[in-house]
Amino acid sequence: MTTETTPPQQTAAPQATPASVAAPDSRSGATVIIPARGGSKGVPLKNLRPIAGRSLVGRAIDAALAAESVTTVYVSTDHPGIADEARRCGAGVIERPAALSGDTASSESALLHALEILEARGERPAVTVLMQCTSPFIRPEDLQAAVTAVETKSADVAFSTVEDHGFLWTRTPNGNVTAVGHQVAYRPRRQDRAPQMRETGAFYAMNTEGFIETRHRFFGTLTAIEVPAWTAPEIDTLDDLEHAIRIAELHEAPVQALDVDALIMDFDGVHTDDSVTITQDGTESVKVSRSDGMGIKMLRQAGIPMVIVSTETNPVVTARGKKLKVEVMQGVEHKAEAVSTWIKEHGLDPARVAFLGNDINDLPAFAEVGWPLAVADAQPLVTRAARISISAPGGHGAVREVCDRILAARNENREVNDPAGLLPRSIPQPAHIA
């Protein structure tokens, strides 16, 4: 297999010189390496599974790029789909050889291979971080604390832990059990016991020179970065994935503003309430929201590209698109392909495109954009795959809510003095939009 290395698309600290363009033998900054095989057995293609609309590998990349000292992020993978997702989320890709892609291959072997590839390009970070995307709730501030500990030489290795007060037991060869780390005859109260620390497996920040010398993640002086218990789960099974989805609902704050450059929408169940009236002569009619129409008008005046994508071919859709002055694609059997093509034709970054849907035939299109959105009454599978669930149901203001969020982001980010978005000339348009 030919080893391919793709530089990251962006860095977490624009003011710093990315390692990918640093002078040969550069020894500064922190590089995050995320091992992500495609051959997971417990959950097939686990690293591409979404939680709240973001894949596991995408969530890891987002957290890494948000840490102040991280200058580059690479994903080491043997799977083209994971590689594509990594690039889309702003990371570089190191193509992992088959010999390092099996079930028995260690994370250390993937890191050493990645560092060899980077070394050949003149990249040698002062700190190397092994980051596991199977831990979906890594906080940038916790990751930064680990990097800082190594950067300041207070530790050679800093890794994530969570406080644990449990009594551990292990089974002996004869089937009995024996205590681990405690005496069975002594049962102190929780508040009277020194807490133990359980390794979460989420991240390990290491002095690069020491790691290369020892070829292991633990060496020299160790320090533990204690993280909140809710961030500690690892994804190994489908049950773990279900649990993580519930954690995201409880702990991740809902996004209010929606900072995107384009909006793609389904029609039935999004612009409508998914019902239809049929007269005796077979004429169909649907009910739509006037507020949705105003929202579309404001987005159009703000220069936001939009398109309605519908599986069916129906004059009702044509009429609504004409009324809204929005492009319509009808009779679309493969929405993902149509969405991908439309994004490319408009020169857009898929990570900054939203798709608003309601039913399972929208799920393939969700994978093509950075912001999959679900109306309030969407099918459960769609709601779970969405990055944001809109509070309004289809046909009752869902489109307007999305429009308002997009305009709110533009007002926040570009200091527009036009909260209603009715003065498009005051809203700077992206350079790729004429």
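Every number here is computed from the coordinates shown, using simple stated rules; none is lab data. Computed from a prediction, not measured in an experiment: that's the story for all the values here. Note that we place each Cβ from the backbone using ideal geometry, even for glycine, and neighbour counts take in every protein chain shown.
The angle separating the long axis of helix 290-301 from the principal Cα axis of greatest extent in the chain is about 70 degrees. What you get for the stretch 338-403, charging only the Cβ of Lys and Arg (+1) and of Asp and Glu (-1), is a dipole of about 140 debye around the Cα centre.
Ranking Ile264, Phe366, Ser289 by how far each Cα lies toward the positive end of the dipole of the chain (charges on Cβ) leaves Ser289 at the top.
GNM on the chain, alpha-carbon springs under 10 angstrom: the most fluctuating residue among Thr231, Thr31, Thr341 is Thr341.
Placing +1 on the Cβ of each Lys and Arg and -1 on the Cβ of each Asp and Glu in the chain, which of Ala185, Leu381, Gly175 has its Cα farthest towards the positive end of the resulting dipole? Looking along the dipole axis, the top candidate is Ala185. Taking every C-alpha pair closer than 8 Å and separated by at least 6 residues, the mean separation divided by the residue count of the stretch 115-235 gives a relative contact order of 42 percent. For Lys297, the lysines whose Cα falls under 29 Å of its own Cα, not counting residues fewer than eight places away in the same chain, are Lys287, Lys322, Lys323, Lys325, Lys335, Lys344. Look at the alpha carbon pairs under 8 Å that are at least 6 residues apart: their mean separation over the length of the chain gives a relative contact order of 14 percent.
Charge dipole of the stretch 132-266 (Cα centre as origin; +1 on each Lys and Arg Cβ, -1 on each Asp and Glu Cβ, all else neutral): 980 debye, rounded to the nearest 20. For the chain, give me the percentage of DSSP beta bridges that are antiparallel, rounded to the nearest 5 percent. Beta bridges within the chain, antiparallel portion: roughly 40 percent. Below 8 Å, C-alpha to C-alpha, sequence gap of six or more: please give me the relative contact order for the stretch 256-320 in percent. Worked out over the stretch 256-320, it gives 43 percent.
Can you give the angle from 0 to 90° between the axis of helix 398-414 and the longest principal axis of the chain, with both taken from C-alpha atoms, to the nearest 10? With both axes taken from Cα atoms, the answer is about 60 degrees. Peptides 177-190, 159-172 ranked from most to least packed give 159-172, 177-190, packing being the mean of other C-beta atoms within 10 angstrom over each peptide's residues. Around Ser275, under 11 Å between beta carbons, what's the net of Lys plus Arg minus Asp minus Glu among the other residues? In short, -3. When peptides 353-361, 222-230, 370-378 are sorted by average Cβ neighbour count within 10 Å, with the highest value leading, the order is 370-378, 353-361, 222-230. Summarising the label geometry, the points placed 7 Å from Cα in the beta-carbon direction at Arg198 and Ala120 lie 4.1 nm from one another.
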